[in-house]
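Visitor: Okay, here's the structure, questions in a sec.
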Amino acid sequence: MKNDPIIKVENLKVHFGLTKGIAKKRIGTVKAVDGVSFSVERGKTIGIVGESGCGKTTTGKAILRMVSSSGGKVYFHNQDVLAMKRKEHDKIKRKIQMIFQDPYGSLDPRQSAFSIIKEVLVADGKKRTSEEITKEVNELLVMVGLSEEMGERFPHELSGGQRQRIGIARALACHPEVIICDEPVSALDVSIQAQIINLLEKLQRELGLTYIFVAHDLAVVRHIADYVCIMYLGNIVEMMDSDEMFTKPLHPYTKALISAIPVVDYHLEKTRKRIELEGEIPSPINRPTGCPFHPRCPYAKDKCAKEAPVMDTTDPNHPVCCFYYKDLNKETSN
Ligand code: SF4
């Protein structure tokens, strides 16, 4: 990212203490996020990708202060959000909003769509007449592709796509600059996914929004994101332009994720090399020593179990966290 970032995350950590029994004796630490750094320019989209449990959603929640961070900094317009006093944070928190994975679970079932959006709107404390509020809510409904009449419906009377549109309208009611999209389409049918992605892109163009797009679907992220972070067990292992994610992946984990995506072309599918990952992502309670990926990495050597690699920034636009990525990519390109 070349221009001044609107969001800059530095060495963010979210560790949870693990306790046992009534006495709450501490028996360990879960390192859900363990030193994540990235930045995103205004009007751009950064994708955060990884398997379930890699810490991508927790990263988003820590930026919003929905979970407490254990270390690191999150700058919004060069102000450290995590260091702010509550009153100071209250002033800027509407500028960073979140769209949730489960639109049904995130909407109050007892309120109509109109009331859900109105509630957020009036919370900013700005004086408006009831006509002005109605006008603004209706404008938001239309902006997200719904009719004004839809405002009268309750969440259970709406389809999954319509509910997600209400979730987006609710976020827009805060006039945000940054939206953290937490798997916003993974609970929707494929045809509806495309509509919501197109809507997010349209809103970004029209309102100059910045997105942090958290997802496990690489194809969706490639489509919407400008830059991508690949996360594994609380750490970023590779960062690159979204086009390079498919054309020039360097880390074994990124390659494995990409090789698991089915390709429509029969000949390509038959000839391409698959990298099979064995086992599940390890528990963050018992993180492997050395490179956290070594128990599943088909290229792991002795050193990988003993030492943790650091991010190699030889190409600052495409950093990689692996001891052997240069050799491996020499081998595979030959
Ligand atoms: Fe695999 Fe070793 Fe590279 Fe980790 S450092 S990704 S275990 S080769």
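The numbers here are math on the coordinates, done by the rules we state, and not lab data. In this text the structure is predicted, and so the values were computed from the model without any measurement. Cβ: placed from backbone, ideal geometry, glycine included. Neighbour counts: every protein chain shown.
Visitor: Given R₀ = 45 Å, what would the calculated FRET efficiency be for SER159 paired with ASN11, taking r from the Cβ atoms and rounding to 0.05? Could you put the intermediate results ahead of the total?
Guide: On the way: r = 42 Å, r/R0 = 0.92.
Once rounded, the FRET efficiency stands at 0.60.
Visitor: Sticking with the crude label model, points 7 Å out along Cα→Cβ, report the distance from THR313 to SER259 in nm, one decimal please.
Guide: 3.0 nm
Visitor: Beyond 24 Å, what share of the Cα-Cα pairs of the chain is found? Please give it as a whole percent.
Guide: When all Cα pairs of the chain are counted, 59 percent exceed 24 Å.
Visitor: OK, next. Rounded to the nearest 10 degrees, what's the angle between the helix 190-207 long axis and the longest principal axis of the chain, both from Cα atoms, 0 to 90?
Guide: On a 0 to 90 degree scale, this one is about 70.
Visitor: Next up: Could you check the simple spin-label distance between THR134 and LYS301, using points 7 Å along Cα→Cβ, in nm with one decimal?
Guide: 7.3 nm
Visitor: A further question on this structure: What number, rounded to the nearest 500 deg cm²/dmol, is the helix-based mean residue ellipticity at 222 nm of the chain, given -39500 (n - 2.57) per DSSP H run of at least four residues and division by all its residues?
Guide: It comes out at -9500 deg cm²/dmol, rounded to the nearest 500.
Visitor: By how many degrees, between 0 and 90 and to the nearest 10, does the Cα long axis of helix 160-172 differ from the longest principal axis of the chain?
Guide: Taking Cα atoms only, the helix is inclined about 80 degrees.
Visitor: Modelling each spin label as a point 7 Å along the Cα-to-Cβ direction, I'd like the GLN111/GLU206 distance in nm, to one decimal.
Guide: Going by the 7 Å Cα→Cβ label model, 2.2 nm.
Visitor: Compare the peptides 23-36, 288-301, 229-242 by average per-residue count of other Cβ atoms within 10 angstrom and give them in order, highest first.
Guide: So the order, starting with the most tightly packed, is 229-242, 288-301, 23-36.
Visitor: Can you give me the angle between helix 130-143 and the longest principal axis of the chain, using Cα atoms only, in degrees from 0 to 90, rounded to the nearest 10?
Guide: Once rounded, one gets 40 degrees.
Visitor: Check cross-link reach from LYS25 to the lysines: straight Cα distance under 24 Å, and skip same-chain residues fewer than eight apart.
Guide: Once the sequence-local lysines are set aside, what remains near LYS25 is LYS13.
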